[in-house]
Structures are given as C-alpha cells and as structure tokens.
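Enquirer: My structure is below; once you've seen it, I'll send some questions.
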Amino acid sequence: MSQEKVTVRGLRDVAAADSKLSFVDPKGLLYYLGYNIDNLVENVIYAEVAYLLVHQRLPKKQELEDFRSQLFLEMNLPEPIIESIKNSPKNAHPMSILRTEVSHLAEFDPDGNEFSPDANLRRATRLIAKVPTIVATLYRSRLNRSTPEPKKEFDFAKNFLYMFKGEEPDDNETRVIHRFMILHADHGFNASTFAARVTASTNSDIYSAVTSAIGTLKGPLHGGASEKVMDMLDDINLEEEVEEYIDGLLEQNKKIMGFGHRMYKAQDPRTKHLRGIVEDFCHQDRTSDLYNKCISIENIVYERKKIYPNVDFYAAVAMDALGVPKDFFPLFFASSRISGWVAHILEQYDDAVLLRPASNYIGELGRVFVPINQR
Ligand code: ACO
C-alpha cells in the first residue's frame, strides 16, 4: 500500500502550534516569554514567574502582591479532597493520587461550568495554588501527621516547603525551592504540556487538561526520570563502582536515567543551576556522596555517549537534599510545572484549533469477514 503521508516518528521537530510562552533553544538556552532563565533564576521569586507565564508579562509590584494574596487564599483544599487523600492507599504511587485529586478538584470548582476567559484565569491561579497543597497533604498524611496551615508572612514557594516538611525552611532551603520551581516552571511543548494542550484543544476543562498532563509527566522518560535517577544512585554503593555500573547498563542498551534530551544538542541550561544547588548542600555527607557519584556518572556518560544530563539528574539530588523522598520527586516537578501547564492551556483556548494529527495506516484492507463460529 502506498504511504500517503510521511510519518514523523515521535513528532520529532514537528511544530504543532505557535506559542509565546517559552523557547527551548537547542544551543542550550531557555527563555520564558523572552527572558533568559539564567536571569530569572537569579532575580525573581517563583510567584513572579508563575504570573509571567499566566499573564504573559512580568507583574508590577502591586500586581505581584495581589497575585501572592490570591495564591495564599487558594492554598486550601475542599474537605472531601483532604479526606480522599487521607483514605488513599498507602502503597499507591503518589503521582497516581495527585492525578486523581486534581481531577477530583473539578467537582468543587466555585466557577462551576462557566467557560469564560475570566473563569479559566481564576481556575489557573487556583490550580497553581492547590497542586502543592495536595502534594504536602498527601505526604503529611502518609507520615500520619497534620499539614500546617500556610502562613501569610511566608511567600508561596516557602509555604509549599513549610507545609510539606512541617517546619519553617531556612534561608538556603527557601532560596532553593524558589530556584527549583522557577527552573521547572515551563519548557516548550514537552510531552506533558503537549498532552495538556491536546485535551484543552477539544475545549475540555482545565482540570481534565492538567489531569492528562500529570499522567504524562509520571512516565520515567519524562518527569518520572528523577525518581529513577535516585534508584540508580542508591544502586551504586561507591563512587569507584560508577564506571562498571554505567558500562553494564550501556552494554545492555539501557538508557541512563537523567541523561539525553529531545531538544538540546548542547547542555541543558537548567543543569548548571541545579548542580549549583546541590553543591551548596555538599556540607551534608549524603549529598556530598551523591554529588561525587553524579560527577563521575556525568563524565563517563559524556565520554561514552556524548550526551549531557537533563533537568532530572541533579534535580533528584537537590530534592533529596531538601528532604524529599524519591517517590515524591515527580510531585515537586508537577507542583512547579503546573504554572506552565495552565499557561499553555489558556494559550491553547485562545488558539482555538483542535490538535488532531493523522496516522499512516499500515494494516490490511478488504479482509473477508468471518462470523465468530466459523473462525
Ligand atoms: N542513555 C543512553 N543513551 C541515550 C540516552 C540515555 N539516557 N538518551 C539518549 N540516548 C542515545 C540513544 O540511545 C540514541 O542513540 P543512537 O542514536 O546510537 O541510537 C540517541 O542518544 C538519541 O536518543 P533518542 O532516544 O532517540 O532520543 P529521544 O529524543 O527520542 O529521547 C529522551 C529523549 C526520552 C529524554 C531520552 O534521552 C531518554 O530516554 N532519557 C532517559 C530518561 C530521562 O532522563 N528522561 C527525562 C527527560 S527530561 C524531562 O522530561 C523532564
């Protein structure tokens, strides 16, 4: 059968829509709304980046204050959601619970079925605020501990870490959580964002679109990679064993988790910041040990495959240093990427085009039908 269309396997290099939100430059640069992330990560707080993505411009001082107040007010969860989190099976992966509870939130949306731009903007802010609260509540409930109420005097990112850990983050931890969340906030048409946009392109609601995104982020080829990075680091007992371990994986044609990227041909621009965060925690013996293994892995993988670490590699160690257990790593990613997801969903609503690719049918045609009792 002749092929009528050229299959672009994995949609590699296919631009499915126009977007103003972020630009992933294969040369190793990343921009949010035209601002290089190297500048943002040094100079702004996470709430400012969330505002930038959702409103497509940086806030003025008062606008940022208002946005932070809105986030603060929206950090609560409806009681049935809290109960559902507490009753969720302890052995289920936390990403499964997050996915379910974000979907569940739709039932309690104060804007109901209204599908206006204003209602969707309110939902976007609501989701940026509530996803981290779901994550903190889930973690605390697994420890059989209560979740502290957010504090008005803390900034949004600091409140997230405070509610998660149950104790006030120190200045270094506060700086780290802002940087971490800024670095994970958006990244072009990555798989989870694309999934969100596909759902939004049918004019489905924002909760459905974010639920699609969370399910997509969960996979180990995407946001689930950081957890697998920590599995690998845990598997390697000593730094001296790194070379043998990596060569063993490569001989079996296995992927090294936290390495490679669809878009970047050079270093992932987020890596240097995350590596820096880890270096700042190296006074902790465990972090120092993990860091040394990471540097060896980075060198050996580059020598063998000429590929670089991606965002998930040092993010895993950064989160470990913050005291986050590895099955919650992808949930920290989701708590940050939510601002990018909702921004893309709003942009997709504006674009108003159904995302629906074609496929090349390679099966048979004209087969003779045989009734079931004659097969
Ligand atoms: N380990 C070993 N080799 C790799 C890796 C890796 N992690 N990543 C890419 N390669 C090799 C491939 O084997 C392939 O080599 P070949 O040309 O000799 O066959 C080449 O590099 C190209 O790799 P592809 O798999 O075609 O690249 P693709 O763009 O399809 O995949 C992906 C990108 C999925 C990220 C891949 O690099 C991977 O699986 N990495 C490990 C998982 C991971 O870290 N995911 C997180 C990505 S970042 C994020 O989503 C937040």
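The values are calculated or read from the model by the stated rules, or taken from the named source; none is laboratory data. Treat the numbers as computed from the prediction; the structure is a model and nothing was measured. As a convention, Cβ positions derive from the backbone with ideal geometry for all residues, glycine included, and neighbour counts pool all protein chains shown. Note: areas computed on protein heavy atoms with side chains; ligands, DNA, RNA excluded. Shrake-Rupley method; radii C 1.70, N 1.55, O 1.52, S 1.80 Å.
Yes or no, residue by residue, for (1) within 22 Å of residue 270 (Cα to Cα); (2) part of a loop (DSSP other than H, G, I, E, B); (3) open to solvent by 90 Å² or more (accessible area, probe 1.4 Å); (4) in the same structural domain as residue 122 (by TED's automatic domain parsing):
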{"residue": "6", "(1), (2), (3), (4)": "no, yes, yes, no"}
{"residue": "10", "(1), (2), (3), (4)": "no, no, no, no"}
{"residue": "23", "(1), (2), (3), (4)": "yes, no, yes, yes"}
{"residue": "39", "(1), (2), (3), (4)": "yes, no, yes, yes"}
{"residue": "53", "(1), (2), (3), (4)": "yes, no, no, yes"}
{"residue": "65", "(1), (2), (3), (4)": "no, no, no, yes"}
{"residue": "84", "(1), (2), (3), (4)": "no, no, no, yes"}
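Enquirer: Which one of 305, 326, 272 is within 13 Å of the ligand (Cβ to nearest atom) and surrounded by fewer than 24 Cβ atoms within 10 Å (Cβ to Cβ)? Talk me through it step by step, then tell me what you get.
Expert: On the way: 326 fails: within 13 Å of the ligand (Cβ to nearest atom); 272 fails: within 13 Å of the ligand (Cβ to nearest atom).
One residue alone meets the criteria, 305.
Enquirer: Taking the options 181, 163, name whichever one is among the hydrophobic types (A, V, I, L, M, F, W, C), at pLDDT 95 or above, assigned to a helix (DSSP H, G or I) and more than 16 Å from the ligand (Cβ to nearest atom).
Expert: Values: 181 fails: more than 16 Å from the ligand (Cβ to nearest atom).
Unique residue meeting the criteria: 163.
Listed here are the residues, each with its yes/no results for (1) more than 19 Å from the chain's Cα centre (by Cα); (2) within 16 Å of the ligand (Cβ to nearest atom); (3) assigned to a helix (DSSP H, G or I).
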| residue | (1), (2), (3) |
| --- | --- |
| 229 | no, yes, yes |
| 237 | yes, no, no |
| 241 | yes, no, yes |
| 250 | yes, yes, yes |
| 255 | yes, yes, no |
| 268 | no, yes, no |
| 277 | no, no, yes |
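Enquirer: Within the range 201-219, can you find the residues that are open to solvent by 40 Å² or more (accessible area, probe 1.4 Å) and within 12 Å of the chain's Cα centre (by Cα)?
Expert: Within the range 201-219, 216, 218 meet the criteria.
Enquirer: Out of the residues in the range 1-34 that are farther than 14 Å from residue 262 by Cα and of a type in the set (Gly, Ala, Ser), which is farthest from the ligand (Cβ to nearest atom)?
Expert: The qualifying residue farthest from the ligand (Cβ to nearest atom) is 2.
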